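The values are calculated or read from the model by the stated rules, or taken from the named source; none is laboratory data. What you see is a predicted model, and the numbers here were worked out from it, not measured in a lab. Methodologically, a virtual Cβ is constructed for each residue, glycine included, from the backbone with ideal geometry; neighbour enumeration extends over all protein chains shown. Keep in mind that these areas ignore ligands, DNA and RNA; they rest on the heavy atoms of the full protein, side chains included. Shrake-Rupley method; radii C 1.70, N 1.55, O 1.52, S 1.80 Å.
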Amino acid sequence: MHLHAITLLSTLWLTSSFALHELDAGVVDWYKRSIGVPNTETKYTSPTFHEALARNRNKNVLLTVTKSNVLAALNPLNGSVEWRYVHEPQDNVVTFQKQGSVVASLSGPGGATLRSFNAFDGEMILERRLHAPDTGLLVQPNNLGTFIAFGKQDGELYTLTNGRTVKFINGSENSWSWTSPKQGSQILYSAISVADDALYLVGLESSFASYMLHITTLSPTTGQILSSATIPSSISDGLNDLLVLQEVIIWLENGVVKSFILSPSLNEKVDQLKNASFKKLLDVGLGSHGMFIVLKADESGQLVTCDNGKLVLNKDFESPGKSFYAGGLDKDNRAYVTRLQWLPKSTAAVVQIFSPELTGLVIEYSLAFDARSHGMISHVTMDPAADVPGRLFLTTTTGAVQVWEQGEHIWTREEGLSELKAAKFVELPERISVLGGEGRSQEGFVGRLLREAKDAKDLPGFIIHFLTRFATGSYESATSSATVHPTSPSASQLPFRDSFGFRQVLVVSTAYGKVYGIDTSNGDILWSRILGTGHESEAKIVPLDNTFFVLKAVGDADGNSLTAGPEIALLAKSETESTFESALLFHLNALTGQDAMRLSTSDEALQGSLVSTEPIEDAYLLHVSGQKVVVLLDSQLKVHLYPDNVETQKLFSAATAALSVPLRVTSSQGQRRLVGHQFSQRSSVTETASKVEYTAFPTWTLSPPEGHDIQAIITPIRDPVASLGKVLGNRTTLYKYLNPHAVVVLTAPHSSTLLTSNAHCGLYLVDSVKGNVIYEATLPAEGHNCNVKATFTENWLVYHYYDDEYQGAGQTKGYKMVTVELYEGKQVDEKTRSSELSSYSEKADEVTAYEQSFVYPHAISAITLTSTKFGITSKDVVVANANGKIQSFSRRLLNPRRPIGRKPSSEEQEEQLVQYDPLLPDDPRKVISHNYDVAHVRSIITSAALLESTSLVFGFGLDLFLTRVAPSNTFDVLNESFNKVQLVLTVMGLAAAIFFTRPMVRRKKLREKWYY
């Protein structure tokens, strides 16, 4: 036991990279908490303002369910997150309702789980499983057949699940449950209406060509059936043509609006609006007042009220065109209706707020919505209870959410950042001032003298700052903030890097067709651009995963141009309502977001270049003779180059002999195999000129085991290699296996074999030129699902999986992390020069693998390795676990050569090896995300700083988190505890001593010359 403790302590000491102090949180890192884009597909998940009494005062929040499966509350005054509850991906939120200080939700298939929260602080009040998720009703939309209704007393809840089961929950107890006895019937209940003497279940009964309205009345105290009836009706669209108001049902039948009053006997007559035809019903949240909106054929709307079951046409919003309607109640329980009319090409929206209980039109104003930055408006919510009348909450097509008050913009949250498709670090140049007018390149001699004379005004301040810094020793350290402030408030400057290169531009793209440039020093957005097509205004632009390419780095930039700076390319697909899908490439300046192709101005959507009319199978950046070319391969195996000119054609032609690309190809039996491809050229003649085209042809095939598919291809992390081998304690050498063509391939069972006992996962390290397997592992499937995470660089492979198989003592179920190191030859000191060796050489297969597995206590969602500028620093493994934490592990801790069952020998101690312990310590000091809850991380990327010791780490999913780590400590900068003042004083003292003693020495030497 003591030996185990000593070994563990030694491991922690040797692998320590000094976790960040609490004071460094928020200085060397930043965290952006998100909730996701509001789910406005149904009214049961759309945003809604809610005000109630909380702690003896009225409090207002904005409640919403988002597409990221989050139930959240925002502060309507500043947009901050009051609270959020993040659901698991398989536990999707289907509906929520609020009353007083309580908000209740149903989640899972058919509404399997009920939860209730305090609406203002998010404290969970109740959580109950209503039925097993695997027995849930699978329908689209997923909220169909689910509903929540509050009872007349506090703590009373009625739930509808699976479209046929009602449960009454009083506090924490389940008082009664009722299930429709007609299990095989065509009736599906969708809503509940609570009255004093009855509980009404409203549903639809399927008929030959339409749906009929069916109502069942239950006793609210016992759940017994009081009555049941099918109302004569013919509803064509059961999802959109039916509204359940306060004890009144409204539906649309052949363009006619009809109503039915709910009563325990269900014997009321159907009423209808005569001499009027409409195409759609809109629920604006005024069901308690019997109000709703109907749309005409020209998209104009009209307010309808239901008074004692009689339908009455009220306010007519005469102006036709696309409009958004919202409603709500003020503090005096008066009803308001808002109409927002906006056209995509207009610069402002017109807002009208109407109250049928007051004088009619309350207020009308214009709203200067910026469509160039935020896309189009997709949903509107109003808050009539606000102190300022006319508060609106807007959701946009780019994922942004905004609050406006009478035309004044209050705040914006870029929730589209919760669904990133790709991210890329781009290094910043040194400080470059941006001049007005024509710029430096065109200024004359006199202009330059005037500019330098003007800049000289900052010289005294610079001298004072330099002397102060030199005297006090207050220099930047590895834990200093990377935020750089302009030298003067009036200076207009492009982003520039700090002394250590911690400040970079993080260019990210979202699933909503928008690109952002983010400052890595503080997380602020430097610029943003909406992606456009340039030829199809109705198309949807979706960036492809992990398809950013840096075409021009800082060293390649032209410093004499205003548009100088690094440039980046992004690949996206253009989707229309048809099946047509084309590929677009966007080329932009990483510092400003400006269009590098000059197809669009900064005031319009970023225009892309059409590169292919077929889906893209693979894309990569080719480096040839200092030039960079984006190579795209479409589904027809045709090659597309960007930029496509004579020079790039020649570069690609010279490189084709050495290129090999592995692709996933679907066979005629539906199985996906791994097929290697090389390139051939052919000449095509057009009306204008002849052109050489390149296509890919198969060279080898790797078929997974029968019943399995290729799940993913993972390319290695390309970093500088500082060492070609590892010197052991006995002075022998293990030379790294550095195959530049190696890729990691993951396999998974085909859908038809998921339920068989042979279902397993596979991991292969494959040479993409020859197709031979370098390393392979057969892994158990986690519940017949493969969730293997892997990363690979140089000769080091790390992967994580769930092991549910064990055979006897010493084995256990759980998550495991396996580390593999590959070395050349069959023994030590054997060198095959694998980095230069042909894949077809006999020595290409001479590889020795050292591997070891460790028990890791958590599931992970992402894994990567740190990167540094020269590759000298030891690498850390960075993982995002299921607990919302990002954690790092040293390579020393994951060394597969750690001695097993014995103490390390003296030679092994020279290598800093410690005794093997199968359990990876879950050390909270290695959690680089501190106490932040970084939810649902999908990917982690790293980047080198100018300091060799430091790596930037960026994790993104629902939230964004960036920090910097030093795996081998900050060996290239002075420690913060270093006494710089004492050093300065010592140097100054020595200088003073030299100054005073120098004349004395000179005189002494002179006297000595007189005597000798």
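Listing for the model above:
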| quantity | calculated |
| --- | --- |
| Under 5 Å, built H, 5+ apart or other chain: amide partners of K869 | A945 |
| Residue among L637, S582, A553 farthest towards the positive dipole end of the chain, charges placed on Cβ | A553 |
| For the chain, with +1 on Lys and Arg beta carbons and -1 on Asp and Glu, the positive-most of I710, A348, P429 along the dipole | P429 |
| Rg/Rh (Cα only; Kirkwood hydrodynamic radius) as it applies to the stretch 625-723 | 1.05 |
| Relative contact order for the chain, counting Cα pairs under 8 Å that sit 6 or more residues apart, in percent | 7 |
| Under the Karplus curve 6.51 cos²θ - 1.76 cosθ + 1.60, θ = phi - 60°, whole-Hz ³J(HN,Hα) for the stretch 70-87, x wherever Gly or Pro sits | 10, 9, 9, 10, 10, 7, x, 7, 10, x, 6, 7, 6, 6, 8, 10, 8, 8 |
| Cα centre as origin, Lys/Arg/Asp/Glu Cβ charges: the stretch 909-1012 dipole, Debye | 1620 |
| Percent carbon-and-sulfur accessible area, the chain, ignoring ligands, DNA and RNA, probe 1.4 Å | 51 |
| Degrees, to the nearest 10: 459-472 long Cα axis against longest axis of the chain | 70 |
| Anisotropy class of the stretch 918-960 from Cα gyration tensor, a/c 1.5 cut | oblate |
| Rh (Kirkwood; distinct C-alpha pairs) - the stretch 873-1012, Å | 20.0 |
| Whole-Hz couplings from phi, Karplus 6.51/-1.76/1.60, listed for the stretch 850-860; x for Gly and Pro | 9, 9, 7, 10, 10, 8, 10, x, 10, 6, 10 |
| Karplus-derived HN-Hα couplings along the stretch 250-267 (A = 6.51, B = -1.76, C = 1.60, θ = phi - 60°), whole Hz, x at Gly and Pro | 10, 8, 10, 10, 6, x, 9, 7, 10, 9, 9, 7, 7, 9, x, 8, 6, 10 |
| D (Stokes-Einstein, µm²/s), Kirkwood Cα radius, the stretch 574-623, 0.692 mPa s at 37 °C | 261 |
| Value of [θ]222 nm, deg cm²/dmol, for the chain, DSSP H segments ≥ 4, -39500 (n - 2.57) each, nearest 500 | -3000 deg cm²/dmol |
| Cα gyration tensor category, rounded, prolate or oblate, for the stretch 247-376 with a/c compared to 1.5 | prolate |
| Under-5 Å amide H pairs with D803, H placed in peptide plane, nonlocal only | G814, Y815, K816 |
| Folded to 0 to 90 degrees: helix 445-455 orientation relative to the chain principal axis, Cα | 80 |
| Tail fraction, Cα-Cα pairs, the stretch 697-755, threshold 18 Å, whole percent | 60 |
| Zero-based 5 Å bins, Cα pair distances in the stretch 859-922, whole percents | 4, 16, 20, 20, 17, 14, 8, 2, 0 |
| Equivalent ellipsoid dimensions for the chain as semi-axes, Å, which come from the Cα gyration tensor, largest first | 57, 38, 32 |
| Exceeding the 20 Å Cα-Cα cut-off - candidates K67/K816; K770/K875; K32/K885 | K67/K816; K770/K875 |
| Gyration tensor (alpha-carbon) shape descriptor, the stretch 209-289, a/c threshold 1.5 | prolate |
| Dipole in debye (nearest 20) - the chain, about Cα centre, beta carbon charges: Lys, Arg +1; Asp, Glu -1 | 2860 |
| Average accessible surface area per residue within the stretch 335-457, 1.4 Å rolling probe, Å² | 47 |
| Degrees separating the helix 2-14 axis from the principal Cα axis of the chain, which is the longest one | 80 |
| 5 angstrom amide H check on S207, placed H, neighbours 5+ away | M212 |
| Assigned charges on the beta-carbon of Lys, Arg, Asp, Glu; the stretch 953-1012 dipole about Cα centre (debye) | 1040 |
